[in-house]
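The values are calculated or read from the model by the stated rules, or taken from the named source; none is laboratory data. All values derive from a computational prediction rather than experimental measurement. When we count neighbours, we look across all protein chains shown, and the Cβ atoms used for this are built from the backbone with ideal geometry, even at glycine. Accessible surface areas use protein heavy atoms only, side chains included; no ligands, DNA or RNA. Shrake-Rupley method; radii C 1.70, N 1.55, O 1.52, S 1.80 Å.
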Amino acid sequence: MQHNTITNNYIHNGSVDYKSASAISLGFVRDTLVSHNEIFDMPYSGIHIGWGWSGCTGSVLKSLRVENNYIHDIL
């Protein structure tokens, strides 16, 4: 996945059935912007970044910007 923009969202009270889910999860992404989101009342993390680190010869994860997010009342 590439060239994604996740901006100006109000994410709350999620992960009701799956308590280990994040509000925003970014696995194998590049050229992605996550900004100006408010995330709260989540049982796990607000933003999860990266996946598949063991055994990888390289990662496609690059050019990722996470800025100006307001994350509170999680975990």
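A few comments on the model shown:
- Matching residues, the range 18-40, being at pLDDT 90 or above and either assigned to a loop (DSSP other than H, G, I, E, B) or among the hydroxyl-bearing types (S, T, Y) (or both): S22, A23, S25, T32, S35, H36, N37
- Taken together, the residues in the range 48-60 that are at pLDDT below 85 and surrounded by 13 or more Cβ atoms within 10 Å (Cβ to Cβ) amount to 2.
- Residues that are small (G, A, S) and over 14 Å from the mean Cα position of the chain (by Cα) do not occur anywhere in the range 38-46.
- Boolean, T5 is surrounded by 15 or more Cβ atoms within 10 Å (Cβ to Cβ), of a type in the set (S, T, Y), in a strand (DSSP E or B) and modelled with pLDDT of 90 or more: no
- Restricting the range 8-47 to residues that are within 12 Å of L64 (Cβ to Cβ) and among the charged types (D, E, K, R) leaves a set whose member that is least open to solvent (accessible area, probe 1.4 Å) is D31.
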